[in-house]
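Before any comments, here is the structure.
The values are calculated or read from the model by the stated rules, or taken from the named source; none is laboratory data. This is a predicted model, so every value here is computed, not measured. No Cβ is skipped: glycine too gets one built from the backbone with ideal geometry, and neighbour counts run over all protein chains shown. All accessible areas refer to the heavy atoms of the entire protein, side chains included, with ligands and DNA or RNA removed. Shrake-Rupley method; radii C 1.70, N 1.55, O 1.52, S 1.80 Å.
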Amino acid sequence: MKTVVIGASGYAGGELLRLLATHPHLLVTQVSAHSNAGELITSVHPHLNTYQNQKFVAIEEVNFDQVDVVFIALPHGQSASVVRNIPSHTKVIDLGADFRLNDSAQWDKYYDGEHAGVWTYGLPEIPGQREKISKSVQVSNPGCYATSIITGLLPALDFIDVSDVVVVAASGTTGAGRSAKINLIASEVMGSLTSYKFGGIHQHTPEVEQALSNASGKDLKISFTPILAPIPRGILSTITARLTSTISTEEVNASYAKFYEDEYFVDVLPLGQMPKTGSLTGSNKVQIQVAVDEHVQRLVISVALDNLGKGAASQAIQNANLMCGFHEGSGLSTDGLGT
Ligand SMILES: NC(=O)C1=CN([C@@H]2O[C@H](COP(=O)(O)OP(=O)(O)OC[C@H]3O[C@@H](n4cnc5c(N)ncnc54)[C@H](OP(=O)(O)O)[C@@H]3O)[C@@H](O)[C@H]2O)C=CC1
Ligand SMILES: CC(=O)N[C@@H](CCC(=O)OP(=O)(O)O)C(=O)O
């Protein structure tokens, strides 16, 4: 199927190109950039040898006729103007936030610009969502932190107080995109950790609350603090929630394992083994571990994923596979690079 990647000079777009190069059914035919339009793909992504001698084109030069699948990996607020030029039958997966939120007021609170609309939320592991994605032409890929928090909490919704959930999560720097920012230069980041968007103002807060409130039928609230970590990629989220019933660590682990037993891309680790970002680098997997902190009767959940993998590009391909009727794991790796 003819496939276009819009925003391919960015980190998420580059990872899409890397994965699509070996996809059995999706063939990349057009690749767009903004300031890098006209440049060789390998001048921005020197690791992508498959695309040698091919150049990025400007978005305005992309011809969407006869295209089957479009991935959009642009900064927030840029997708709607591209979507207007794409035929309505063409399958589109937007990696940005533009179509994730149902509530315009929440969009206005956390993002700039106008709310573009609402598409099917692309997290197949939410019960019932896989079927909706399979029937959709337009899918909104989840945020990277949001994916880790939602997958970490979904199995616990029946035995936690959904009004008392606290999340602290660290992300690698690729999560912030490839454009130059002083706080992301090596001398600022290496050997140092810092919180940012501090005080419950991160834009993934309403996205997580929307998905988990829908899933639980209750008004879920999170307090979320993100941390910038001195690694290129990976997210490690630590989630705690007040338990509403007496339950042991072994019982929670067994309940999580049961919840995800048919999910190919979510691993509930055996007790004693902890999620580790390096194990997920380059893979579409999520790893989860749980424990009951009996001292304060809270559930503690550790979740790791690759922000460019299950947090962005490979998640988007998983969605495209569902939308196109391919095997859900086509072109996706479950093995990470390790250390
Ligand atoms: N990085 C991550 O871990 C994740 C990212 N996402 C989302 O995916 C999207 C892309 O993220 P990421 O790859 O990190 O971002 P980057 O900043 O790395 O890349 C952005 C891409 O958009 C292009 N671009 C920048 N400004 C404009 C503009 N004004 N008009 C058109 N194109 C523009 C860039 O082109 P050029 O460089 O040529 O100027 C580049 O191709 C974002 O919405 C992000 O929130 C979602 C989950 C995780
Ligand atoms: C490290 C870092 O800065 N991460 C970004 C994550 C952005 C992202 O993944 O998702 P969206 O598509 O929702 O923007 C942030 O915290 O804003």
**Request:** Show the residue pairs that are 6+ apart or on different chains and have beta-carbon atoms under 8 Å apart, the first residue being within the stretch 187-203 and of a type outside the set (S, T, N, Q), the second being away from ligand 2 (no atom under 13 Å from the Cβ) and open to solvent by 80 Å² or more (accessible area, probe 1.4 Å).
**Result:** GLU188/ILE182
**Asked** Does PRO155 satisfy the criteria of being out of contact with any strand residue (DSSP E or B) (no Cβ under 7 Å at 6 or more places or on another chain) and either part of a helix (DSSP H, G or I) or within 12 Å of ligand 2 (Cβ to nearest atom) (or both)?
**Response** yes
**Message:** I'd like to verify a number: residues in the stretch 87-103 that are surrounded by 16 or more Cβ atoms within 10 Å (Cβ to Cβ) and more than 16 Å from ligand 2 (Cβ to nearest atom), how many?
**Reply:** 2
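Considering only the stretch 107-124, how many residues are part of a loop (DSSP other than H, G, I, E, B) and crowded, with 18+ Cβ neighbours inside 10 Å?
First, pick out the residues of the stretch 107-124 that are part of a loop (DSSP other than H, G, I, E, B): 111-119, 122-124.
Those still in the list that are crowded, with 18+ Cβ neighbours inside 10 Å too: 111, 115-116, 119, 122-124.
Within the stretch 107-124, residues that are part of a loop (DSSP other than H, G, I, E, B) and crowded, with 18+ Cβ neighbours inside 10 Å number 7.
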**Request:** Output the residues belonging to the stretch 31-86 that are within 16 Å of ligand 2 (Cβ to nearest atom) and part of a loop (DSSP other than H, G, I, E, B).
**Result:** ALA73, LEU74, PRO75, HIS76, GLY77, GLN78
**Request:** Scan (1) within 11 Å of ligand 1 (Cβ to nearest atom); (2) at pLDDT 95 or above for the single condition SER81 breaks and write down its number.
**Result:** (2)
**Prompt:** Condition test on SER88, is it within 10 Å of ligand 1 (Cβ to nearest atom) and either at pLDDT 95 or above or in contact with a strand residue (DSSP E or B) (Cβ under 8 Å, 6 or more places away or on another chain) (or both)?
**Reply:** no
